[in-house]
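Report on the structure given below.
The values are calculated or read from the model by the stated rules, or taken from the named source; none is laboratory data. None of these values were measured; they are calculated from a predicted model. Please note: Cβ atoms are built from the backbone with ideal geometry, for glycine as well, and neighbour counts cover all protein chains shown. Accessible surface is based on the protein model in full, side chains and every heavy atom, while ligands, DNA and RNA are left aside. Shrake-Rupley method; radii C 1.70, N 1.55, O 1.52, S 1.80 Å.
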2 protein chains.
Amino acid sequence: MNDFNVSCPIPVKDYPYVLLSHGSGGKLMYQLINKMFLKAFENDILLQGHDAAVLPAEAGELAFTTDSYVVHPLFFPGGDIGSMAVYGTVNDLSMAGARPKYISVGFIIEEGLAMDTLWRIVQSMGQAAQRVGVQIATGDTKVVDKGHGDGIFINTAGIGVLPANQAIGPGHIQSGDAIIVSGDIGRHGIAIMSVRQGIAFETEITSDLAPLHRLVQSLLDAGLNIHCLRDLTRGGLATTLNEFARSSHRGMKIDENAVPVRQDVVNACEILGFDPLQMACEGRCVICVPQDQVEQTLAICRDFPEGQSASVVGRVIDSAPGQVVLQTPLGVDRLIDMPTGEQLPRIC
Amino acid sequence: MNDFNVSCPIPVKDYPYVLLSHGSGGKLMYQLINKMFLKAFENDILLQGHDAAVLPAEAGELAFTTDSYVVHPLFFPGGDIGSMAVYGTVNDLSMAGARPKYISVGFIIEEGLAMDTLWRIVQSMGQAAQRVGVQIATGDTKVVDKGHGDGIFINTAGIGVLPANQAIGPGHIQSGDAIIVSGDIGRHGIAIMSVRQGIAFETEITSDLAPLHRLVQSLLDAGLNIHCLRDLTRGGLATTLNEFARSSHRGMKIDENAVPVRQDVVNACEILGFDPLQMACEGRCVICVPQDQVEQTLAICRDFPEGQSASVVGRVIDSAPGQVVLQTPLGVDRLIDMPTGEQLPRIC
C-alpha cells in the first residue's frame, strides 16, 4: 500500500467504534480484516488467508522473537504504538544479527476504541513495515469488553534470517571490549512522560523510536567482529549492562561523562526525579566490540541519523565480575544495579 | 520440566500478587523470568536468553501463525488459558499441514493477578508444550495497571515445518469433496458459558480443547490427499464453511442430521438460545477430501480420542457458489450465513 493517510476503509458513520462483534469471528471481523488490515498490510503472504502463513524456505538459522506493546498513550511525540510494535520487534531480531523478514500481529482491542484511531495505528504499522522491508505475514484480532483492556494492545512476533557463522550474544563478550552506545539515551521515556503528565519542557522532546536494522546490517557487512548487541528498552542502560555483566561473568566499567544524554533530557530527568541511566529508549543499542574496531564502528553508526551521537561509554573488565561500575565525574566509582521498583510503567 | 504441580517458585508470602514492577525490566522481572518462566518452559533455545532466539536451520517451507487468548474465565472445565494458548497455535500450524516446532509467548498481565494463578497457568503451558513436543523459544512479559487489563492475556506465535509439496488450503477445495468434521461440535462454547453464567446442566460439559497435530499428522502420513483443513474456533462451523465457500467459489451443502453434536450440548444451546453451528470449538476441524478417501480419513480420525465422533457432514457442490446450504431434517434447504452479531465474546 502506497497511499497512506487515506480515509478509514470501514465507514466511520456506521461503525464509529470497535464493537465486540469485530472480534467474534463473524461478518464484522471478516470486513475489518479484509477492508482494513489487508489494505494496510497488503502482501502476497498475508493474502494467502489461511490459519497459518506459508513462508518460503530459508537457508541458514532463523531468529525468532516476540514483544507485546501496551504503551500509554497510544500516540506520542515521535511515534505511536503501531510503528513501535514494528520497530521494536525488528530491533530484537537485529540484535541477534538477523535480517528481519516476517512479523505477525496480534491485536487486543478494547470495545469502544474509535475506528479512526485503529485505522491510524494500522496505517502506521503498514508504513513502518514497508520502510523496514518486513512483511506482515499473519495476524489475529481479539476484542475485549469495555473496561477490561485499554484502547489497544499489540503483540508482534518476528522471524529473521541469520548469516552463517554469526556469533553475537552476551556469551561472546570479551574482557577489554569497548562498550558503545549507538546514540543519546532516554528520550523515549521522557517523551512518553511529557504527554502522560502534561509536562511541557522548554523544547519538545521526541522519542528516539527508530528501527536499527540498517545500522546493524552495515556493521555486519563491514565485517566487524561484533561480540554483543542489545537494544535499550525497559530499565535502560543500567539494566542492559547488568544483564551483560551477569551473563558474561565480567565487569562493565562505565564513564558517566561519556554517556550521551541530551541536556534537555538531563533537565527533564532532574525535574521528574529519574535517572537517565534507567530511562527507556526505543531506537538505541549497546554494542560490544574489540578495541581495535572502535573507530570503524563509531564511523558506521554516525552515518545514520539514529546513530549520530554514538559514543564509547566504557569497557569490559575482568575485575568486578557480574557488576556494573560507574565512574562519576568526580572520579568516584559507584555500583549501578538494576532498577528495583517501577520507574515508568507502560512505556513500551 | 517434569515435576508439575510443584509450589510457586516466587515466594507467595513476599509477592502474593503480580506488581507493575514485575514488568518493568528491573530485578523483579528478571526474577520472574528466571525463576518461574524458565523453570516451567525449560529448553536449550529459551536458555539462550537473548533478545531473539536462534533456531536451527530447517529444510523446506515454514508455517507461521499467531493468536491472542483473552478467554474469560481463565480456568474452565477441560482446560485453561495456558493450555489453550499452546494448543490453539499448534492447531493453526497443523491446519496448514505443518509440524509444529516453536512457539513464542507474550504475557500481558494485569497488576494484582495472584502470583499462584500465574504459576498454575505457566505450568499448564509448559505441560501442554511438552505434550505436543513444541519448544517455547522466546517470550515477553508486560504488566498493565489494575483496571486496564483482565487478569492475563496471552499471545502465542508459532513456527512449523511443512513437508515438501504440501498443498492444503481453501484454494485446493474441489467440487465433490466430502466435508468431514473431526468430532462433536460446540462443547467449548458451552463449557465457557456454563462457568461464566453459573449454569449447571444435568452433566458437566467439558471443553473439547485438544491439540490436533497427531490426527493431522496421521492423515498426512497415510498419504491422503487432504484438500483443506481448518479448525473450528470463533463463529463455529457456520463461519468456517462460509469462509471455505467464499475462498473456493463453490457451494457447501450440509446435512443437519449428520452434524455431530452431543444431546447435552443441543439441550444447553436451546436453553441459552444459541445455534450449535455457530458455537466455538477448540479441538475440532473441518477436513475436505475426495470421496474415495472418506472411509480411510474417518478411520484415522477415530483412532484418536479427539476424533472419535468424526463424521461426514456434507459435500462441496458446484451450484450455490460462495454459499452454505443446510438441508434440515425436514428436507428443506436453508442458507447459513456467518454470524452477524456477537454470540459469545471472549471464548478464546
Original post:
What does the charge count near residue B:166 come to, summing +1 for each Lys or Arg and -1 for each Asp or Glu among other residues with Cβ under 12 Å from its Cβ?
Top reply: 0
**OP:** Give the peptides B:61-67, B:220-226, A:306-312, A:106-112 in descending order of average Cβ contacts within 10 Å, highest first.
**Re:** B:61-67, A:106-112, A:306-312, B:220-226
Subject >> Degrees separating the helix B:81-95 axis from the principal Cα axis of chain B, which is the longest one >> reply: 50
Original post:
Between copies, how close do the residue A:299 label points come, placed 7 Å along Cα→Cβ, listed in nm from shortest?
Top reply: 7.2
Subject >> Other protein chain Cβ atoms within 10 Å, averaged over every residue that makes up A:95-101 >> reply: 2
**OP:** May I ask which residue of B:229, B:259, B:278 lies farthest towards the positive end of the charge dipole of the stretch B:226-348, with charges of +1 (Lys, Arg) and -1 (Asp, Glu) on Cβ and the Cα centre as origin?
**Re:** B:229
Original post:
What is the distance in Å between the Cα centres of the stretch B:76-97 and the stretch A:69-112?
Top reply: 25
**OP:** Only Lys, Arg, Asp and Glu count, each charged at its Cβ (+1, +1, -1, -1), so figure out the dipole size of chain A about its Cα centre, rounded to 20 debye.
**Re:** 400
**OP:** State, to one decimal in nm and shortest first, how far the label point of residue B:341 sits from each corresponding label point in the other identical copies (label point: 7 angstrom along Cα-to-Cβ).
**Re:** 5.0
Subject >> chain B: Cys lacking any partner C-beta under 4.7 angstrom >> reply: B:8, B:269, B:281, B:285, B:301, B:348
Original post:
Once you list every other residue whose beta carbon is under 10 Å from the beta carbon of residue B:67, what net charge do they have if Lys and Arg are +1 and Asp and Glu are -1?
Top reply: -2
Original post:
In peptide A:68-75, how many Cβ atoms from other protein chains are near each Cβ within 10 Å, on average?
Top reply: 4
Subject >> chain A, accessible area per residue, ligands and nucleic acids excluded (1.4 Å, Å²) >> reply: 35
Subject >> Peptide A:42-54, shielding by other chains (average Cβ, 10 Å cutoff) >> reply: 6
**OP:** Run the accessible area of the stretch A:20-162 with a 1.4 Å probe and give the carbon-and-sulfur part as a rounded percent.
**Re:** 47
**OP:** Kindly identify the stretch B:170-336 as rounded, prolate or oblate by the Cα gyration tensor criterion: order the square roots of the eigenvalues as a ≥ b ≥ c, call it rounded if a/c is under 1.5, otherwise compare a/b with b/c, prolate if a/b is larger, else oblate.
**Re:** oblate
Subject >> Listed residues B:335, B:19, B:219, most fluctuating in chain B (Gaussian network, C-alpha, under 10 Å) >> reply: B:335
Original post:
When Lys and Arg each count +1 and Asp and Glu each count -1, what net charge do the other residues less than 12 Å away from residue B:289, Cβ to Cβ, add up to?
Top reply: -2
Subject >> Shape of the stretch A:249-348, Cα gyration tensor, a/c cut at 1.5 >> reply: oblate
Subject >> In degrees, nearest ten, helix B:236-248 long axis to first principal axis of chain B (Cα) >> reply: 70
**OP:** Let me know the charge dipole size of the protein assembly as shown about its Cα centre in debye, to the nearest 20, where only the beta-carbon of Lys, Arg (+1) and Asp, Glu (-1) is charged.
**Re:** 20
Subject >> Contact surface B-A: accessible area buried, both sides summed, square angstrom, 1.4 angstrom probe >> reply: 6100
**OP:** For residue A:322, go 7 angstrom from Cα along the Cα-to-Cβ vector, then report the distances to that same point in the other copies in nm, smallest first.
**Re:** 6.7
Original post:
What's the extension gain from residue A:12 to residue A:167 if we count 0.36 nm per residue and subtract their Cα-Cα distance?
Top reply: 50.8 nm
Original post:
Mind checking the angle between helix A:187-197 and chain A's longest principal axis? C-alpha axes, 0 to 90 degrees, to the nearest 10.
Top reply: 50
